[in-house]
Amino acid sequence: MQNVNLIDTFLEFKELKNIDRATMMRVLEDVFRNVLRKHYGGDEHFDIIINIDKGDFEIWRNRDVVADDEFEDEYTQIKLSDAKKIDEDYEVGEEVTDEVTIEDFGRRAILSIRQNLTSRILELEKEHIFGKYKDRIGEIITGEVYQVWKREILIVDDEGNELILPKEEQIPSDYFRKGDSVRAVVIKVEFKNNNPFIILSRTAPEFLERLFELEVPEIFDGLITIKKIVRMPGERAKVAVESYDDRIDPVGACVGMKGARIHGIVRELRNENIDVINYTNNLQLYISRSLSPAKISTIKIDEENSKADVYLMPDQVSLAIGKSGSNIKLASLLTGYEIDVYRELAEDDEDVDLEEFSDEIDGWVIDTLKGIGCDTAKSVLEIPKDELMSRTDLEEESIDDVLNILKAEFE
């Protein structure tokens, strides 16, 4: 009965944990040999036969037949008189093989075998999960939400393995409930408290890259290369792409007919605005494209300090900067250059730099206005008061003071 219980334990783990046949046989044999070494002082004279298909195992002991007066070691030798009780034909020098039953070890040893077997298989399963996901870093995983907590979400894959999606790796507008299907990319796999810890992300650039590979066959096939991706998750992303085949328009291929390809990606990313631009080694052109949809008038590049001064017509400044400065921030990250935006004025257009008002307007207020692309008096006056308040978060009283000071200059 104890034999059956052990095999049942073994079969349960084999079925539930999906341990491969060879590994399971090796583990089972190691566990039994450990017991043999404790019980008999060694395992060299034992053969262990495991039949996984039948769910059974046998242990056989091999002993040399010696004359009764030469008998010294009961574990490796057997007296001739005892051997003849098994079979009359045995002679000195021959080998006797007899079966050892699991009951021979005693109840405590049997419990120890079960515990060791359980422990070893759990360790193997942890190693299996760790190795499996270590090789899948950077891949998209689809799982089901099992538990939603304040700081993270617990997700299970199709094999029941537990994965973690931390709050900081979720798109700000993500909202999941138990049972929802989630797609994310594996970004980190580590052991924590002796358990495999698999971290997923929906904000990593790799997630967007994998989505493009799924939606755009030319990227998957290597005809189009993604040079760089920068993101403000849930708000905006810029993707620089390049094709080595002149017959392929990389931007058009990524966007698809009537935006069919990119729409699926945008929906997955909670309506994240994605700008796909054509990569080029021409730095001026690359910076110009990175500030899309704004139209650039002039660019002055300081390669030594990795800075670029961009001049635009007044109506293009807000487009270049974008909502909360998102467009210019992403353009800087994409190109690796610190980009400053300046308004280009017509020859007959009189204007005054905001710095000229530093004795009347606080410096931090001037910096706030510059942050939304207003570096001259007229650039501020051209924006309606309500819009200035919403874009700068300044108090109405502060906005009124600034407008009065600037208007007085031209009056």
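The values are calculated or read from the model by the stated rules, or taken from the named source; none is laboratory data. Since we're looking at a predicted model, the values are computed, not measured. No Cβ is skipped: glycine too gets one built from the backbone with ideal geometry, and neighbour counts run over all protein chains shown. Side chains included, ligands, DNA and RNA excluded: accessible areas come from the protein's heavy atoms. Shrake-Rupley method; radii C 1.70, N 1.55, O 1.52, S 1.80 Å.
Some notes on this structure:
- The Cβ shell under 9 Å around GLN77 holds other residues with a net charge of -3, Lys and Arg each +1, Asp and Glu each -1.
- Against the empirical 2.2 N^0.38 Å (N residues), the stretch 180-251 has a Cα radius of gyration ratio of 1.38.
- Charge tally for PRO166 (other residues, Cβ to Cβ under 12 Å; Lys, Arg +1; Asp, Glu -1): +1.
- Antiparallel content of DSSP bridges confined to the chain, in %, to 5: 75 percent
- Over 22 Å between alpha carbons, listed pairs LYS329/LYS378; LYS323/LYS370; LYS238/LYS378; LYS132/LYS167; LYS134/LYS238: LYS329/LYS378; LYS238/LYS378; LYS132/LYS167; LYS134/LYS238
- Secondary structure note: in the stretch 169-284, about 70% of the DSSP beta bridges are antiparallel.
- Descending Cα extents along the principal axes, the stretch 61-156, whole Å: 77, 29, 21
- Under 5 Å between amide hydrogens, built in the peptide plane, is the criterion, and for TYR342 it picks out VAL310, TYR311, LEU312 among residues at least 5 positions away or on other chains.
- Percentage relative contact order, the chain, counting C-alpha pairs under 8 Å, at least six apart: 8 percent
- Inter-label distance for ASP340 and ASN404, nm, one decimal - labels placed 7 Å from Cα along Cα-to-Cβ: 3.2 nm
- Computed from backbone phi, the HN-Hα couplings of the stretch 78-94 come to 9, 5, 4, 5, 6, 5, 5, 5, 7, 7, 4, 7, 5, 10, 4, x, 7 Hz, rounded to whole numbers (Karplus: 6.51 cos²θ - 1.76 cosθ + 1.60, θ = phi - 60°; Gly and Pro given as x).
- CD proxy at 222 nm, helix term only [per DSSP H run n ≥ 4: -39500 (n - 2.57); per residue of the chain; nearest 500]: -12000 deg cm²/dmol
- Charge dipole (debye, nearest 20) of the stretch 189-299; +1 at Cβ of Lys and Arg, -1 at Cβ of Asp and Glu: 440 debye
- Magnitude of the charge dipole for the chain, about its Cα centre and with charges confined to Cβ atoms of Lys, Arg (+1) and Asp, Glu (-1), is about 1080 debye.
- With a cut-off of 12 Å between beta carbons, the residues surrounding ASP157 carry a summed charge of -2, where Lys and Arg count +1 and Asp and Glu -1.
- Table column - 3J(HN,Hα) (Hz), the stretch 204-209, Karplus curve with 6.51, -1.76, 1.60, x for Gly and Pro: 5, x, 4, 5, 5, 4
- Antiparallel DSSP beta bridges within the stretch 268-411, percent to nearest 5: 50 percent
- Assuming charge only on the beta carbon of Lys and Arg (+1) and of Asp and Glu (-1), the dipole of the stretch 104-159 about its Cα centre is about 420 debye to the nearest 20.
- Additional length obtainable on full extension of the chain from LYS258 to GLU395, 0.36 nm per residue less Cα span: 45.0 nm
- Within the accessible surface of the stretch 307-411, defined with a 1.4 Å probe on protein heavy atoms only, the carbon and sulfur portion equals 44 percent.
- Accessible area (Å², per residue) of the chain, counting only protein heavy atoms and a probe of 1.4 Å: 56 Å²
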